[in-house]
Amino acid sequence: MANFISSWLRGKLAAQDDNDAGAAGAAVPSAPAPSGDSDGDVIDIVVPPPAHTHFEHYRKLIDSFDEDREAVIEKLVRYLLLLLAYLLPVVVAYAMGKEIGDAYGGPFNLNDGWSLGTHVVAMAGEFALTMMTFAAATALRKMAADGGYRAKFISAVVAFLLFSLASGLAQWFIASHHITTSTTAGLAALIFRVAMVPAVDTASLLFLAVMNFRSLKKFVADQRLRAGAIRDIHDAELEIQRAESAALRREAEERQDMQMKEQRNQVWLELDRMHAQHMIADARRRAIGSPSSAFDDALPDSAEDDPSERVKVRRINGRS
């Protein structure tokens, strides 16, 4: 009786445990318990790896393109400011170059060497400042993706500062003749006049470097163009390799043909040499032996059978 009661209680507890496990497994499916056979083998459950993160990378890349999400008015304003960022340094460089050239060289005159040289040097210095502005902006924009542009950015900034200092000194002496510096207002006007030129260049530099909106359509078009270019370059490389292989093969065939011809020539020369040596040896052997016996060996059978022919031959030998 006690055994029956204990078995019944164990069954009830096992059923309750199974019900609790089923309720918990409704949210999280439990892995099947390892089953064993007569040998005690255990089945391993392989958990699949997480999905690849390429889609996450591409989604983040697509989300980084913000030009297509701009409103029309935002695009128009940005295009206008972008146009000014490119034009203002050029316009300021021309105006300052002409001002410095006129102040130090007089009115522009092609026949006057001093005037021509001063204007050309002033224009060249101001436009060089504009070039350094664009170079620094490009290097600053690309430095985030490629650390190799850091040295280029530093070089462009150093050159930008040097050209700005030279231009500012020239403008300071020119502006001091037009603005009274004895008063605070005049000094402020002079500082504003001289500092505004590098300020415009710096503003253009920062705008071009920071306001870098990217278009997804243009990016996809560029990627397709790059893919086509890579494919064309690969095909051209294959053509070059095939042409080089064909040239090398023809060169090897011609080299082998020349070697075979040379070997044939060597064989013929060797045969001629051996034939000549054989003839010399045979003549020497015949000369050492008796003339009659040597000559009799060379006679045909008809001469040996005919006595008249033998006498004729001996007579000839006797004369020689």
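Please treat every number below as a calculation from the coordinates, not as lab data. The shown structure was predicted, so the numbers you read here are calculated from the model rather than taken from an experiment. For neighbour counting, all protein chains shown are included, and Cβ atoms are generated from backbone atoms with ideal geometry for every residue, glycine included.
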Footprinting exposure proxy for LYS75, LYS142 (fewest neighbouring C-beta atoms within 10 Å first): LYS75, LYS142
Added length on full extension, which subtracts the Cα-Cα distance from 0.36 nm per residue, ARG226 to HIS178: 11.7 nm
Selection of trypsin sites (Lys or Arg not before Pro), region 172-264, meeting DSSP coil and at most 13 other Cβ within 10 Å: ARG214
Region 219-277 versus region 110-138: alpha-carbon centroid distance in Å: 55 Å
Relative contact order for region 68-213, counting Cα pairs under 8 Å that sit 6 or more residues apart, in percent: 26 percent
